[in-house]
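Every read-out reported here was derived from the displayed coordinates using simple, explicitly stated rules and does not represent laboratory data. Note that the structure is a prediction, hence the values are computed from the model and not measured. We place every Cβ from the backbone using ideal geometry, glycine too, and count neighbours over all the protein chains shown.
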Amino acid sequence: MSYLILGASSGLGRDLAYTFAKNLHNLTLISRDDRDLAPIKSDLENKFQIKVNIYKVDASSKDEVSSFLKNKETIFNDLDGVLFPIGMMSNNDCISKIGENADIINNANYLSIVRFIEKIMPIFERKNNGIIVGFGSVASSLGRKTNVLYSASKRALNSYFESLISTSNDKNIKTQFYILGYLDTSLASDKDLIFPKASTKELALRVYNNINKDNIIKYHPNWWRIICYTISIIPFYIIKKMIRFIK
């Protein structure tokens, strides 16, 4: 089987690539910096004797994504599944400094994924088979003082995958969505967090073990479901007080 990973040079994307390669799946890896992908490709092909294709695409750029989808359309025909472990944050992501960050953050976290799925979905429908895996964030559960657009785009992605799952119920297409808590990646390395960071390797293994399951929405780690549910039932006047302290 063959899988495409968008955001393949990130911590989670890289671990997904190694997990799927270890199980002898061919891969198409996409990242905004092909210098990161080249050594990954070489290592995976040498270790596991699989075929790995790499492409440079900046998912924060609408033009780059559109050009790639138009000119590389044939690479999607042989895919069995697609995974989207992609995300982007900005230090200027707050109400008073949104500016040009809006398009960049929305494209990287939401719209690039929508555009890829728009291209891939008809192919999966014709084959009557396919797997789509997305990754959201617990940041979508509550507005905040910083990471404003990030949390908003992740909330949009959550809603989009709920709609995608509803659509997939009528087809032989498996759609899976993971709502992620803090992960042990470079994005969280300098953060003072009140909850522990989860291993990307463990998450990658969990995704692989679930890959043939029917449509699912899961939290990772699982206990984030309780936290997010609790937030959802708290009265808004209390939430307004909480927001004052949320970075």
*Can you tell me how much longer the chain between LYS197 and ASN222 gets when fully stretched, taken as 0.36 nm per residue apart minus their C-alpha distance, in nm with one decimal?*
7.7 nm
*Estimate the FRET efficiency between ARG35 and ILE234 by the formula 1/(1 + (r/R0)^6), using the beta-carbon distance for r and 41 Å for R0, to the nearest 0.05.*
0.35
*Given H placed on each backbone N at 1.01 Å, which residues far from ILE217 in sequence or on other chains put an amide H within less than 5 Å of it?*
PHE177
*Under a 5 Å amide H to amide H cut-off, with H placed in plane at 1.01 Å, what residues pair with THR28 once short-range neighbours are removed?*
TYR3, LEU4, ILE5, ASN53
*Shape call, the stretch 1-130: gyration tensor on alpha carbons, a/c limit 1.5*: oblate
*asked:* Compute the distance from the alpha-carbon center of the stretch 125-142 to that of the stretch 57-123, in whole Å.
replied: 13
*Length gain on complete extension for the stretch LEU24 to TYR55, per 0.36 nm per residue less the alpha carbon to alpha carbon distance?*
9.1 nm
*Once you have the Cα-Cα distance between THR146 and MET1, take 0.36 nm times their residue separation minus that, and quote the gain in nm to one decimal.*
48.1 nm
*Column: log10 I(q)/I(0), Debye, Cα scatterers of the chain, q = 0.09, 0.10, 0.11, 0.18 Å⁻¹*: -0.38, -0.47, -0.58, -1.56
_Contact order relative to length of the chain, as percent, for alpha carbon pairs under 8 angstrom and 6 or more apart_ = 18
*In nm, to one decimal, how far is the LYS213 label point from the ASP63 one, both placed 7 Å along Cα→Cβ?*
4.2
*Structure-based [θ]222 nm, the chain - -39500 (n - 2.57) summed over DSSP H runs of at least 4, per residue, nearest 500*: -13500 deg cm²/dmol
*With helices defined as uninterrupted DSSP H runs, which ones in the chain have an alpha carbon span along their own long axis of at least 15 Å and mean Kyte-Doolittle hydropathy of at least 0.0?*
112-127, 148-168
*Quote the relative contact order of the stretch 30-133 in percent (integer), defining contacts as alpha-carbon pairs under 8 Å separated by 6+ residues.*
29
